[in-house]
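Notes follow the structure.
The values are calculated or read from the model by the stated rules, or taken from the named source; none is laboratory data. Since we're looking at a predicted model, the values are computed, not measured. Counting neighbours? That spans all protein chains shown, and the Cβs are built from the backbone with ideal geometry, glycine included.
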Amino acid sequence: MPRKTMIEAIRDAMGVMMERDDNVVVFGEDVGYFGGVFRASQGLQAKFGKNRCFDTPINELGIVGAAIGMAAYGLRPCVEIQFADYMYPAYDQIVSEAARLRYRSNGQFTCPLVVRMPTGGGIFGGQTHSQSPEALFTHVCGIKTVVPSNPSDAKGLLIAAIEDPDPVIFLEPKRLYNGPFDGHHDRPVTPWSKHELGEVADGHYSVPLGRAAIRRHGSAVTVLAYGTMVHVAEAAATETGVDAEIIDLRTLLPLDLPTIEASVRKTGRCVIVHEATLTSGFGAELAALVQESCFYHLESPIVRVAGWDTPYPHAQEWDYFPGPARVGRALLETLEP
């Protein structure tokens, strides 16, 4: 199979779906002629024309609002918010309209909409280009939330999201865009390794939403992670020698709770890792679910490793989000008698 970056895989997914379904349209700020700020849509306008891939004004509320109307009348918009940090003007449209359209119309209308957003830090983007707002979406009934960790999943999950009859928030970790992050660095010496590209199948395939993947089998502790933190957790397990079982959630909502339960009941321990701030982060929901369903199997308290409860620090961002050293300490902590 060809080896691709996550950006190439995402572009491939949109191209495949635009080829298969004339109702699929792609648009956003600089998405058409320029191909997007990260070049995710590069070449799509030239191939499919300006009616299928086009630029919009700098107006996130308008982008999502227009897309909801298109989706209600049969199109399948796949829109880009240039950075996840810019989604707040569109949040009302996502929550009040897209998420509720099926319910408020008693099924007469649906909203097959995908909102793509680059998320997370690692590129020195500062406070307004580095946020991880996934918990703001998982709190909302009626939308799905997806975070891929590798190019193959990125393509398959995006295809599944575009084919889904309901709205999907598709969060793309920026640190993984140009090659899988190797995870072993607490500093940006080598933020990603371009020679470690992911194998991505040609043509159409999908990865079902709502199914996690076990990236590393183990028996000592279960690690729940998604996006970039999957690679960090793998590095931490390797460096500490802890026999950790690492679960890549892939889809936060709907969540693959059976896979999580089976692993925690086997290991008796759980570490949760995410880049977003700790307080009210998605890790809190994961911890509650594990506590409720696996209480009598737990041998130690659940541990969360997350970003600081501060505005995103430009100068200290590689200390802000979990690195292998912080995750490694958490793994060892859960094994203490």
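Restricting region 316-334 to residues that are within 11 Å of VAL271 (Cα to Cα) and among the aliphatic types (A, V, I, L, M), the residue that is surrounded by the most Cβ atoms within 10 Å (Cβ to Cβ) is VAL327. Take the conditions (1) among the small types (Gly, Ala, Ser); (2) under 17 Å from ILE7 (Cβ atoms); (3) surrounded by fewer than 24 Cβ atoms within 10 Å (Cβ to Cβ); GLY142 misses just one of them, which is (2). Does ASP309 meet the test of being among the acidic types (Asp, Glu) and closer than 24 Å to GLU285 by Cβ? Yes, satisfied.
Filtered by the rule that a residue be within 10 Å of the chain's Cα centre (by Cα) and either in the same structural domain as GLY227 (by TED's automatic domain parsing) or in contact (Cβ under 8 Å) with a residue 60 or more places away in the chain (or both), region 158-171 gives ILE169, LEU171. Taking the listed residues GLU285, GLU275, GLU261, the one that is farther than 25 Å from PRO151 by Cα, touching a residue at least 60 places away in the same chain (Cβ under 8 Å) and not assigned by TED's automatic domain parsing to the domain that holds GLN131 is GLU285, with no other qualifying. For region 289-316, which residues satisfy the criterion of being under 13 Å from THR277 (Cβ atoms) and under 21 Å from the mean Cα position of the chain (by Cα)? Listed by number, the residues that qualify are ARG304, VAL305, ALA306, GLY307, TRP308, ASP309, PRO311, TYR312. Would you confirm whether or not region 49-57 contains a residue that is surrounded by fewer than 18 Cβ atoms within 10 Å (Cβ to Cβ), among the charged types (D, E, K, R) and within 23 Å of SER152 (Cβ to Cβ)? No, region 49-57 has no match at all. Candidates ARG116, ARG104: the one that is at negative phi and free of Cβ contacts under 8 Å to residues at least 12 places away in the same chain is ARG104. When VAL95 is tested against (1) modelled with pLDDT under 95; (2) under 21 Å from GLY281 (Cα atoms), only condition (1) is not met. When the criteria are applied in full, PRO89 fails the requirement of being out of contact with any His (no Cβ under 9 Å at 6 or more places or on another chain), surrounded by 23 or more Cβ atoms within 10 Å (Cβ to Cβ), outside any loop (DSSP other than H, G, I, E, B) and on the phi < 0 side of the Ramachandran plot. Can you work out which of the residues in region 112-127 that are surrounded by 18 or more Cβ atoms within 10 Å (Cβ to Cβ) and assigned to a loop (DSSP other than H, G, I, E, B) is nearest to the chain's Cα centre (by Cα)? For region 112-127, the residue satisfying everything is GLY120. Any idea which residue in region 128-148 is farthest from the chain's Cα centre (by Cα), counting only those that are of a type in the set (Ser, Thr, Tyr) and not in a loop (DSSP other than H, G, I, E, B)? Checked region 128-148; the qualifying residue farthest from the chain's Cα centre (by Cα) is THR138.
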